[in-house]
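Peer 1: Below is a structure I'd like to ask you about.
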Amino acid sequence: MSWTSERSIWVRRPEGQSCPLEADHLAKWVVVEQTPGMVRAATPTAHGVLIELDIRQSELDAAWAAVESLLECFSAQHGSQSADHRGGREVTIPVCYDERVGPDLGWVSAQLGVDREQVIAWHSGRTYRVMTMGFMPGFGYLGSVEEALRLPRRETPRTRVPSGSVAIAEEMTAVYPHQSAGGWHLIGRTPMRLFDPLRDEPAVLRLGDRVRFEPITIEAFQTLGEAEKQDRY
Amino acid sequence: MGTIEVIEAGMLSSVQDLGRSGYQSVGVPEGGAFDRVSLRVGNRLLGNDEHEAGIEMSMRGGVFRFLDPAVVCLTGARTNDAAVEVDGRLMPIPHGVPTALGAGSVLRVGALRQGVRAYLCVADGIRSEVMLGSRSALVSLPDAGLGRALRRGDRLAYGDHAFQVDVSSTTEPAAIEEQISVLRIVPSMHTELFSQEQLKGLCVEPFVVADQSNRAGVRLMGRLLEGAIPGRVSSAGTMVGYVQVPASGEPIVLGVDGPTTGGYPVIGCVIEADLPVLAQCGPRERVRFAWVGRGEARRALLKQEADVESVRPGAVVGAIRHRPASSQRRVLLGCDTGEAEAGPGRSQELELLAHVSAVSIACGGHAGDDESMRHAIAGAAKHGCVIGAHPSYPDRAGFGRRTMAMDRGSLARSISAQLEAMARHADDHGVAVSYIKAHGALYHDVAQDVGFAHWYWARCALVFPNARFVGPIGSAAIAALRHSGVPTLSEGFCDRVYEPDGSLRSRHAGDALIADPEQAAAQAERLIHTHGCDLLCVHSDTPDAVEIARAVSERLRVRGLV
């Protein structure tokens, strides 16, 4: 544990290892089990949890001790074994790998000297882990991409990436939940809405989830897109 | 429920409350007012819950039309240029003062100075849709379904119940310390990755705020840190105030809409107490960092909290204050009217009008109806009398002389309905309502309870923002409201006996009334000279009323007091 300001504590655990699922559980635990009003936010990443505190009511030493005892309870309850071995939720995201919705698909295959089918096979052929949530609501950094498929980011980011775009950059892949700027290579698009504040669980992805991409045709992409809209309204 | 129409949105305006928590784990930033302290102060001045939403305006304000009456308060960055337009004339709106606006008012907020973010708070708060527990708009991602920046033509609802502001004190708002652009920082996540020279160097020269700064982050330009900058680090949670140093060496301070995780090294973190300073940093402004310890950071926060918590609801002022038509007169002689049924009582009321200069007209609470109001207004206009509204507890059976146990919401609705009826008839006759005088038990309850008086006047000012408050001479309410800048008239009774302590002798006592006209005139003089009375009252329902009014009026004329 270390202070990262007068009002935040970084919990790094376990030492050095990547354990996104455990971090996600720990963050939830801290919020639920806290002395009410003490924790303003708990943000997990693969290597730990950032805990933001309301320090108006308690001295810094007392806040530190309270977080420490929360962590001890968590360890006692969950054991020392990382939850990450046991899995995490499985999420399947349908993707239309097609130039019409993934404008960089051709460029990527040309760059790597393979055909498009190979790019699709690599990308959809493995299970990814949500390593970090961030950048924007519902955005998950998924790792890791087949080594042969790794490319540096675009030199000039696009100013407008459509929502649902499936992209790769270096060892990561991701889906853009919302239209935004972006510097990754767009190889396909999903009709799935990855973030919707009107749902009970607004984000499809959580830290530690295991994610597969399932290729679909452009017709299926359009049909599913319509269905998704109707679901919503 | 009232409605605001956005006529111009300004540079960037959006609805913000104190933000949303609990969704950082899936990438949703906390959001909310960038300068939380200013929003909280605005809400507190209005008697709102601190969490109510207001409109955050950046760099330049917007133009808003209020389709319904409202009480508003501007906080945060200052402007010389905030005004409300009424009948084509612009009246300035003071900073940090609750101000009543009539229906149809157009509020214009111009260029901001001393900061770049101002807050328009509204009594009872803006009622935009709550998404994930907050009304805060995530303006950078309109697509995310978490609100967007305001646009011309948008309509916003505010307040969802009759005003229930409980104004319990008249403490002046504490002056929130003038902020200078020093950002105090404490060590953070990767401070130890930087060299001592780099850590010191951060505080040597000021940085300049870049134009691309926004709610997600304040970008700084200036002297690059000496030596190698640590490369990317593994992703970790981030928060508002984090000072990230990307490869360029020019720091970015994360704002309320910043990403929830990041991989740039964090050299330090702006202390919570200085986040309002960060929020008010404008493009090309210079800011300086200063290292402090965590203990000092917390002490600064506690001091700021104490300042914020000392802010109590302020008295509401009308946006427009002009002198009543009768201001050249030094003292008004008034009577209560519109209380009698057609018949002998009413003819005495009419006779009184020849001697008085002000009439307080019953508006349906304890007595009176549309017909009697029209009649009284016409009579007053004919005799050149100043008109006042005379609302009461809704109690016709008890003639408004009993304190009614009713909730504030119902009382607010009743007072509003009475005053609105009065406003309608006054408008029809083309005359102004110059003052509001409560009747009977309401008059006494308001006079004695300062908190209640503020509450009551906030309701009145919604309908008549320019009217004067009338209360008994020497009362707590007169002192408190006058102190808060509300125009007042203190009233004394010519025909009632005063106790030595200045209170009225009870009506139950046998000798409470003065029947002798000359005695009444002498009392009137005393009230003016020793009690600073501005409005003398003659009761219209006593047998000697006309004679008393005649004698007092004559005495005032002789003494040159009218």
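Peer 1: Would you mind computing, in nm to one decimal, how far apart the modelled labels at B:SER310 and A:GLN17 are, each placed 7 Å from Cα along Cα→Cβ?
Peer 2: Once both label points are built, they end up 5.3 nm from each other.
Peer 1: OK, next. At what distance in angstrom do the alpha carbon centres of the range A:171-223 and the range B:63-115 lie from each other?
Peer 2: If we compute the Cα centre of each part, the gap is 45 Å.
Peer 1: Please compute the average number of Cβ atoms from other chains found within 10 Å of each residue's Cβ in peptide A:187-200.
Peer 2: Values: counts 0, 0, 0, 0, 0, 0, 1, 1, 9, 2, 13, 3, 1, 0.
Mean number of neighbouring Cβ atoms from other chains: 2.
Peer 1: If you don't mind, there's one more thing I want to ask. What FRET efficiency would be calculated for the residue pair A:ALA181, B:ALA290, taking the C-beta separation as r and a Förster radius of 41 Å, to the nearest 0.05?
Peer 2: On the way: r = 34 Å, r/R0 = 0.83.
It comes to 0.75.
Peer 1: Let me ask another. Taking DSSP loops as anything outside H, G, I, E and B, show the longest stretch in chain B free of GluC sites (Glu not before Pro) there with at most 13 other beta carbons within 10 Å. Working shown, then result.
Peer 2: Working: sites that count: B:GLU129, B:GLU177, B:GLU178, B:GLU226, B:GLU341.
Result, exposed sites excluded: B:342-562.
Peer 1: So how much accessible surface do B and A hide from each other in total, probe 1.4 Å, in square angstrom to the nearest 100? Working shown, then result.
Peer 2: Details: alone 23610 and 12240 Å², together 32360 Å².
So the total buried area for this chain pair works out to about 3500 Å².
Peer 1: Related question: Per residue of A:47-57, count partner chain C-beta atoms within 10 Å of its C-beta, then hand back the mean as an integer.
Peer 2: Details: counts 4, 4, 3, 9, 2, 7, 0, 2, 6, 6, 0.
Taking all residues of A:47-57 together, the mean is 4.
Peer 1: Something else: Please work out the FRET efficiency for the pair B:ARG155 and B:ASP81, using the Cβ-Cβ distance as r and a Förster radius of 25 Å; give the result to the nearest 0.05. List each step's numbers first, then the result.
Peer 2: Numbers: r = 24 Å, r/R0 = 0.97.
Step by step, r from the Cβ atoms, then E = 0.55.
Peer 1: Next up: Compute the Cα gyration tensor for the range B:332-559, then decide on rounded, prolate or oblate, letting a ≥ b ≥ c be the square roots of its eigenvalues: rounded whenever a/c is under 1.5, prolate when a/b is larger than b/c in the other cases, and oblate in all that remain.
Peer 2: Rounded is the answer for the range B:332-559, as its axis ratio a/c remains below 1.5.
Peer 1: Next question, about the same structure. Once you put a point 7 Å from the Cα of A:GLU68 and another 7 Å from the Cα of A:SER2, both along the Cβ direction, what distance in nm separates them?
Peer 2: Those two pseudo-labels are separated by 1.8 nm.
Peer 1: I want to check the label-to-label distance for B:MET221 and A:GLU170. Put each point 7 Å from Cα in the C-beta direction and report it in nm to one decimal.
Peer 2: Label at B:MET221, label at A:GLU170, 2.7 nm between them.
Peer 1: Set Lys and Arg Cβ to +1 and Asp and Glu Cβ to -1, take the dipole of the protein assembly as shown about its Cα centre, and tell me which of B:MET239, B:SER310, B:ALA111 lies farthest positive.
Peer 2: B:ALA111
Peer 1: Ignoring ligands, DNA and RNA, what percent of the 1.4 Å accessible area of the range B:181-310 is carbon and sulfur? Could you put the intermediate results ahead of the total?
Peer 2: Working: 2580 of 4940 Å².
Ligands and nucleic acids excluded, carbon and sulfur give 52 percent.
Peer 1: Next up: Hey, for a label at B:ASP428 modelled as a point 7 Å past Cα toward Cβ, could you say which residues of the range B:352-382 have their backbone N under 20 Å away?
Peer 2: Only B:359-382 pass the distance filter.
Peer 1: Averaging sequence separations of C-alpha pairs under 8 Å and six or more residues apart, then dividing by the length of the range B:445-519, give the relative contact order as a whole percent.
Peer 2: Working: 82 pairs, mean separation 16.8, N = 75.
After rounding, I find 22 percent.
Peer 1: So, one more: Need one value for A:64-70: mean number of C-beta atoms belonging to other chains within 10 Å of its residues' C-beta atoms. Can you show the working numbers first?
Peer 2: On the way: counts 0, 0, 0, 0, 0, 0, 0.
Across A:64-70, the average partner-chain Cβ count within 10 Å equals 0.
Peer 1: Need the list of lysines near B:LYS382 for cross-linking: C-alpha distance under 30 angstrom, and skip anything on the same chain fewer than eight residues off.
Peer 2: Qualifying lysines at Cα under 30 Å: B:LYS437.
Peer 1: Please find the FRET efficiency linking A:ARG154 to A:ARG100, where r is the Cβ-Cβ separation and R0 is fixed at 22 Å, and quote it to the nearest 0.05. Mind showing how you got there, number by number?
Peer 2: On the way: r = 19 Å, r/R0 = 0.88.
Computed FRET efficiency for A:ARG154 and A:ARG100: 0.70.
Peer 1: Once each part is reduced to its C-alpha centroid, what is the distance from the range B:427-464 to the range A:1-53 in angstrom?
Peer 2: That distance is 54 Å.
Peer 1: How much net charge surrounds B:ASP516 when only other residues with a Cβ under 11 Å from its Cβ are counted (Lys, Arg +1; Asp, Glu -1)? Display every interim value, and only then the final one.
Peer 2: Numbers: positive: none; negative: B:ASP495, B:GLU518, B:ASP544, B:GLU547.
Spelling it out: positives minus negatives among the neighbours equals -4.
Peer 1: What accessible area per residue, rounded to a whole number of Å², is obtained for the protein assembly as shown using a probe radius of 1.4 Å? Write out the running numbers ahead of the final one.
Peer 2: Working: 32360 Å² over 795 residues.
Solvent-accessible surface per residue comes out at 41 Å².
Peer 1: Rounded to the nearest Å, what's the spacing between the alpha carbon centres of the range B:357-395 and the range A:88-127? Just the number, please.
Peer 2: When both Cα centres are located, 80 Å separates them.
The values are calculated or read from the model by the stated rules, or taken from the named source; none is laboratory data. From a predicted model like this one, the values you see are computed outputs, not experimental measurements. Cβ sites come from the backbone with ideal geometry, for glycine too, and all protein chains shown count toward neighbours. All accessible areas refer to the heavy atoms of the entire protein, side chains included, with ligands and DNA or RNA removed. Shrake-Rupley method; radii C 1.70, N 1.55, O 1.52, S 1.80 Å.
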